[in-house]
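Structure, as structure tokens:
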Amino acid sequence: MVMESKLEIKKRLHKLFADKKTDCAKSLYMNPVNQYIDLDRFDQEKEEIFKNQPICIGTSSLIPNIGDWFTVEIVDHPILIVRDKDKKINAYLNICSHRGSKLAEGNGNTAKVFKCPYHSWTYSLNGELIARPREDSFNQIPKNKCNLKSIELREQSGLLWVQLTKNAVKESEKYFKELNTLIDHYNLTNYHYFKTGIMKPKINWKLAVDTFLELYHIAHLHPDTLSNIIKGDTCMFDTYGRHMRIIGPRRSLIESKENILEIENIEKHIINLKIIFPNTVFVDNGEHIDLWHILPENSVNETMVSVSIFTKLPCKTDSEIKHWENNLQLLKDVVEKEDFPLGEGIQKGFYADKKRNIIFGKNEPGLQHFHKNVDKFLSK
């Protein structure tokens with residue numbers, strides 16, 4: 001699908017308002033609750049979706065300088081991302097080739113080498129083993145046979161993806177072909193990273209993703225927070241292969257006395273969500289971008305959710321820093337105190353009747369599209 005112009009977006013919103021409608025699916029969709037709690041399915045999702053497809057892990061602006069690095073864990077794979085001396089970004093298994101200890105935790109800046117905390121085996125920024133104490137005890141295995149294991153990494157539009165299964169080349173090509181139209185006009189390397197917040201709800205990873213796939217709940221679950229900003233009963237919905245986009249009006253658009261078609265900066269008056277399958281939500285707010293990542297943890301009922309803020313202009317003054325601190329805290333408070341407690345109750349309730357279905361309405365096409373694609377990749 002070709003990305004529309006701002007005028008085309010305004011025309012579509014104008015028609016939806018005039019008709020008092022929202023973009024809809026063709027019919028209801030029944031989704032079995034067992035898909036959120038079944039352990040065999042959970043293992044299959046980790047294998048087929050998180051290992052065989054590209055997974056977005058962050059942005060290149062997180063590590064702008066030589067020696068900058070961060071770590072992430074994807075379905076039991078600890079990963080180290082680092083910018084080397086040639087300014088290239090590399091991904092490695094974050095595992096020492098000696099006894100398997102993690103080399104690093106969290107993130108850092110301007111590293112010269114990575115030294116294992118266990119026995120001080122030392123690696124360069126490009127993953128080469130360069131030193132190991134008592135070399136004479138290990139010289140039967142050349143150092144170049146003990147380099148860090150590299151992981152396939154791709155950078156596009158300032159975003160970073162890793163792919164744990166190297167032989168899934170065709171799937172990767174198709175994935176990015178579908179994604180190009182959705183994000184190619186962005187370049188997050190031109191944005192300034194502010195800060196990240198972490199949450200760990202006790203819900204299935206798909207239920208965490210569900211949180212972002214419809215605006216229908218905003219007026220009901222968030223009457224004193226998001227509902228003051230976003231009007232959720234009118235939405236545009238589009239698919240880009242397995243990926244999708246949801247656009248909804250802000251209150252400022254509803255309350256404006258201007259004709260929608262005549263509003264200059266429409267991007268300031270809408271919320272524009274781009275859902276990058278399977279686990280990333282890219283929210284374009286005009287002056288800044290919120291980037292959400294959702295990753296399953298060890299249990300079917302445990303998920304790691306992160307949200308990072310990127311601003312068009314760097315934060316230099318105390319008032320600017322405070323503004324974005326408050327913005328990040330608002331995002332965390334809404335999701336962590338309103339969405340996820342409700343979600344944890346839903347997750348527990350799934351065990352009460354494992355044979356029932358939950359209902360995705362015609363006005364919830366994002367939920368339908370996401371779960372159909374999960375099913376599609378598990379059935380391959």
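Rule-based calculations on the coordinates, nothing more; no lab input. Computed from a predicted structure; not experimentally measured. With ideal geometry, Cβ positions are generated from the backbone for all residues, glycine too; neighbour counts draw on all protein chains shown.
Here are a few things to note about the model shown:
- Rounded to the nearest 10 degrees, the inclination of helix 365-378 to the longest alpha-carbon principal axis of the chain is 40 degrees.
- ASN34-THR165 pseudo-label distance in nm [points 7 Å out on the Cα-to-Cβ vector]: 2.3
- The chain: proportion of alpha-carbon pairs further apart than 37 angstrom, %: 25
- Across q = 0.09, 0.10, 0.18 Å⁻¹, segment 259-380 modelled as identical point scatterers on its alpha-carbon atoms has Debye log10 I(q)/I(0) values of -0.38, -0.47, -1.25, in the order of the q list.
- Converting the Cα gyration tensor eigenvalues of segment 1-88 into ellipsoid dimensions via √(5λ) gives semi-axes, longest first, of 38, 28, 9 Å.
- Ratio of Rg to Rh over segment 219-330 (Cα coordinates, Kirkwood Rh, two decimals): 1.00
- Separation of the alpha carbons by more than 20 angstrom is noted, of LYS46/LYS195; LYS26/LYS46; LYS200/LYS332, for LYS46/LYS195; LYS26/LYS46.
- Phi-derived couplings, Karplus 6.51 cos²θ - 1.76 cosθ + 1.60 at θ = phi - 60°, listed residue by residue for segment 242-252: 7, 8, 7, 9, 10, 10, x, x, 7, 4, 4 Hz, with x used for Gly and Pro.
- Stokes-Einstein D for segment 57-167, Kirkwood Rh over Cα pairs, 4 °C, 1.567 mPa s (µm²/s): 91
- Projecting the Cα atoms of THR189, CYS116, VAL374 onto the dipole axis of the chain, where Lys and Arg carry +1 and Asp and Glu carry -1 at the beta carbon, places CYS116 farthest toward the positive end.
- Residues THR22, THR196, sorted so that the one with the fewest Cβ neighbours within 10 Å comes first: THR196, THR22
- If the segment from SER319 to LEU342 were pulled out straight at 0.36 nm per residue, it would be longer than the present Cα-Cα gap by 4.9 nm.
- Within segment 223-244: backbone nitrogen closer than 15 Å to the LYS177 label point (7 Å, Cα to C-beta): 240-243
- Unpaired Cys in the chain, meaning no second Cys C-beta under 4.7 Å: CYS24, CYS56, CYS146, CYS235, CYS315.
- The stretch between ARG134 and LYS112 holds 5.7 nm of extra length on full extension. This uses 0.36 nm per residue minus the Cα-Cα distance.
- Cα long-axis angle, helix 6-19 against the chain (0 to 90 degrees, to the nearest 10): 40
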